[in-house]
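Report on the structure given below.
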């Protein structure tokens, strides 16, 4: 009589092999994930654990005079604390019939799918940090191809001002990529001859412009002009020059909500209205200051704001590190997946990753940095394409391996180049299926807003 192996002993279900295969796929597919500051440690961690992240500071060249000794400098690093608050997972089912496949067939069928979902989730988490850099915006909503080069030069100025010369990149979506094809100074990836760039083409490198490596990301926010807005206009005969923050306005029907976001004709970059005065509104104070002059009667388009609607009502809050859905109210049109939002008076930006219109809930790219109270304003950032420009020091992505479960499962993990992935198998006798879970523990944090910006198109 032939004796068949138990399910737990089938060679096709060796978790380490699955983890290695999936991790290799993730390495090949990463874009931003491979170009931000990554912090990895071999020690196991659990969700909610706080870890210390360090990034090295530079040195300063000193002048030596005859007879003087050299000035010694010690390597220094600055540290941040990051909470491991994102437990990302993909769980699939393999029925008993599928398990008769050869090991290679099973891994080829399922491991890339799990890896694709995991790397996509990580990329989305990182991309959402774009909304923390809107104060350094350049370009314009609806920018023409002829003006793209000048816009990127303005963005470059932000980086030069902070002396950030290393590894500058812009992550763009399809709409901005199309604009770049008509820019004379744009060098496509196929024209770049150095070996480093040639090796990077597989990871989304599109080309170079003004010292920026340009990468393609399908998660770049591209928000259409479909949501409810209100309009007014600049009310100042001479208009306003760049650098102004207090603007006299007219044309609004009623009051504006403090914290709302707007676009101003002639500049068309995102501004937050920190203070709105009058009913109807006659004056606004904006942040950041105007980046370009605007004329009298220039149209001001203000995005509709909503409020947090905690299910337990007045006096309640969503706590810091809360990472589940948030109930909202007051919107004529719900936020759009990919759209940036801010809460109350906070300047911290989040990206909406999922919207349930039926339940009036939104999910964000990361858990809350601080508590958000019932009734707090939810301000939508304006429509447009938000292309993230950074150096690696701007954002950190923290990844830690997870321990192997001790009971009734088989589990293993793989780690390489600052990433880890665990794969766990468990058998459900009720449904006669094996569940395969790909998971990892991670977190993202903006380290320094000076080291990034946004090219708006």
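Read-outs throughout are calculated quantities, based only on the coordinates presented, and are distinct from any laboratory measurement. Keep in mind that what you see is a predicted model, and the values were worked out from it rather than measured. All Cβ positions, even for glycine, are placed from backbone atoms using ideal geometry, and neighbour counts span all protein chains on display.
For the reader, a short list of remarks on this structure follows.
- Using a Förster distance of 45 Å, the FRET efficiency for residue 16-residue 62 (Cβ separation, nearest 0.05): 0.30
- From most to least packed by mean Cβ count within 10 Å, the peptides 226-239, 368-381 give 368-381, 226-239.
- Contact order normalised by residue count of the chain, Cα under 8 Å, 6+ apart, percent: 24 percent
- Axis of helix 15-29 versus longest Cα principal axis of the chain: the two differ by about 30°, to the nearest ten degrees.
- Label separation (residue 218 vs residue 231): 3.6 nm, computed from points 7 Å beyond Cα along the C-beta direction.
- The distance between label points at residue 50 and residue 275 comes to 3.5 nm (points 7 Å beyond Cα on the Cα→Cβ vector).
- Cα-based helix-to-principal-axis angle, 103-127 vs the chain, degrees rounded to 10: 20 degrees
- Förster radius 41 Å - calculated FRET efficiency between residue 72 and residue 42 (Cβ-Cβ, nearest 0.05): 0.80
- Relative contact order of segment 332-457, defined on C-alpha pairs under 8 angstrom at six or more residues apart (%): 23 percent
- FRET efficiency estimate (nearest 0.05) - Cβ-Cβ, residue 321 to residue 347, R0 22 angstrom: 0.70
- Label-reachable residues, segment 333-376, where backbone N falls under 17 Å from a point 7 Å from residue 314's Cα toward its Cβ: 373-376
- Where labels lie 7 Å past Cα in the beta-carbon direction, separation of residue 250 and residue 24 in nm: 7.0 nm
- Evaluated at q = 0.12, 0.23, 0.27 Å⁻¹, the base-10 log of the normalised Debye intensity for segment 307-377, with identical point scatterers placed on the Cα atoms, takes the values -0.26, -1.08, -1.55.
- Averaged over residues, the count of other Cβ atoms within 10 Å places the peptides 123-134, 107-118 in the sequence 123-134, 107-118, highest first.
- The chain, Rg to Rh (Cα coordinates; Rh as Kirkwood inverse mean 1/r): 1.03
- Per-residue [θ]222 nm for the chain (sum of -39500 (n - 2.57) over DSSP H runs n ≥ 4, rounded to 500): -5000 deg cm²/dmol
- On Cα atoms only, tilt of 145-161 relative to the major axis of the chain in degrees: 80 degrees
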